[in-house]
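Data first, discussion second: the structure below is written as structure tokens.
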Amino acid sequence: MNWKSEISAAADRIAGHAQVTPIMESRALGLDYPVEMKLEHLQHTGSFKARGAFNTLLGVDVPQAGIVAASGGNHGAAAAFAAQTLGFPAKIFVPELAGPSKIALIEQTGADLSVVPGEYANALTEAKSFEEATGAMQIHAYDAPATVAGQGTCFAEWDAQGLTADTVLIAVGGGGLIAGALGWLQGARKVVAVEPETSCALNAALQADEPVDVTVSGIAANALGARRIGSICFELAQGMTSVLVPDAAIAQAQQILWQAHRILVEPAGATALAALISGAYQPAPDERVAVLICGGNVSPDPLNG
């Protein structure tokens with residue numbers, strides 16, 4: 001697949017629907033070097049996921065039954081928001097670990113929401129059953145070409161905004177976001193995958209040389225808790241740098257973002273930065289680094305409890 005052309009087409013398709021999110025450089029993160037950041041937590045519904053959802057819905061004829069999606073929370077909110085915006089019914093399945101703030105966010109869209117026991121994989125099973133029973137269109141959270149191309153628009157946009165970094169660090173769950181980055185950047189910049197130690201589907205797949213099931217837990221599990229990496233991501237990620245970070249480093253990165261810039265993000269949103277804070281990734285001298293701040297749906301909601 002020509003990912004550059006797919007992502008360029010996606011960017012044209014979602015223009016006017018997805019937010020153009022800002023970038024900034026910080027020297028206040030307690031590091032000896034500046035860090036460029038793209039603030040994608042300011043996207044609709046608080047994460048980059050709206051890009052893939054809009055690209056999917058705007059690129060096909062949506063059936064009368066509408067759409068169905070399984071999600072740890074952020075994808076479900078984005079899919080529901082995109083469906084609501086475009087006038088389609090939406091059925092969303094999330095696991096209990098999605099948490100009250102993400103569940104409330106989905107409910108605000110007016111989508112039909114079901115909360116199921118277990119983790120993301122359990123929600124996906126329910127969504128597939130609903131799809132077969134009703135004819136609704138499944139919007140996969142990460143392992144579909146339209147989703148990946150939509151997420152890739154984040155990096156096409158960042159390039160157009162003047163991305164100068166040699167290396168971009170990106171948090172990974174199921175792999176849709178980093179697959180979009182790899183599809184767009186294509187070796188022009190180094191891409192580093194960052195995962196929690198307890199939710200590391202990509203790292204495990206790279207070590208095993210094939211996608212494998214992993215157990216999922218930890219403070220970022222409701223956003224980065226895919227049991228198995230997507231096949232599109234795995235194909236694109238061959239040979240890339242992959243690092244793991246502990247929950248304590250993720251929590252520390254959250255605190256630093258808040259203290260330095262009053263940027264309030266969920267654990268997944270701070271995971272890429274945690275690789276620099278913890279030293280899991282150590283830039284070479286004069287290596288320019290950037291991190292994507294990918295999600296801002298903090299639980300509990302700091303203003304509404």
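What follows is calculated from the coordinates using simple rules that are stated; it is not laboratory data. Note that the structure is predicted; figures quoted are calculated from it, not measured. Cβ placement follows ideal geometry from the backbone for every residue including glycine, while neighbour counts extend to all protein chains displayed.
How many angstrom separate the Cα center of segment 156-170 from the Cα center of segment 1-61?
Comparing the Cα centres of segment 156-170 and segment 1-61, I get a distance of 11 Å.
Report, in degrees rounded to the nearest 10, the 0 to 90 angle that the Cα long axis of helix 145-160 makes with the longest principal axis of the chain.
The angle comes out at about 40 degrees.
Which stretch or stretches of segment 173-203 have amide N atoms under 16 Å from the point lying 7 Å from Leu31's Cα along the Cα→Cβ direction?
Of the residues in segment 173-203, 190-195 have backbone N under 16 Å from the label point off Leu31.
Where in the chain is the longest stretch that carries no trypsin sites (Lys or Arg not before Pro) classed as loop by DSSP and with at most 11 other Cβ atoms within 10 Å?
28-261
Evaluate the distance, in nm, between pseudo-label points positioned 7 Å from the Cα of Thr125 and of Ala15 along their respective Cα→Cβ axes.
If labels sit at Thr125 and Ala15, their model points lie 4.5 nm apart.
Between Ala284 and Glu132, what length comes free when the chain is fully extended (0.36 nm per residue of separation minus the Cα-Cα distance, one decimal in nm)?
49.6 nm
Net charge around Pro246, counting only other residues with Cβ within less than 14 Å of its Cβ (Lys, Arg = +1; Asp, Glu = -1)?
Local charge sum for Pro246: -3.
Which ³J(HN,Hα) values, rounded to whole Hz and listed in residue order, are derived for segment 99-104 from phi using the Karplus coefficients 6.51, -1.76 and 1.60 in 6.51 cos²θ - 1.76 cosθ + 1.60 with θ = phi - 60°, glycine and proline given as x?
3J(HN,Hα) across segment 99-104, in whole Hz: x, x, 5, 6, 4, 5.
Given points 7 Å out from each Cα along the Cα-Cβ axis, report the Ser231 to Lys190 separation in nanometres with one decimal.
Output for this residue pair reads 3.2 nm.
Contour minus end-to-end for Met1 and Gln64, with contour as 0.36 nm per residue of separation and end-to-end as the Cα-Cα distance?
Contour length minus the Cα-Cα distance gives 19.7 nm.
Asp112 to Asn304: extension gain in nm, 0.36 nm per residue of separation minus the Cα-Cα distance?
Residue separation times 0.36 nm, minus the Cα-Cα distance, leaves 66.9 nm.
Taking H as built 1.01 Å from N, whose amide H comes closer than 5 Å to the amide H of Gln138, not counting residues under 5 places away?
So Gln138 has HN proximity to Val68.
From the helices alone, meaning DSSP H stretches of at least four residues, give me the mean residue ellipticity at 222 nm for the chain, per-run term -39500 (n - 2.57), in deg cm²/dmol to the nearest 500.
-13000 deg cm²/dmol
Of (i) 1.07; (ii) 0.98; (iii) 0.91, which one was derived for Cα Rg over 2.2 N^0.38 Å from the structure shown?
(iii)
I want to make sure I understand the PRE zone here: with the label point 7 angstrom from the Cα of Ala251 toward its beta carbon, which residues in segment 191-225 have backbone N atoms less than 13 Å away?
Label zone hits: 218-220.
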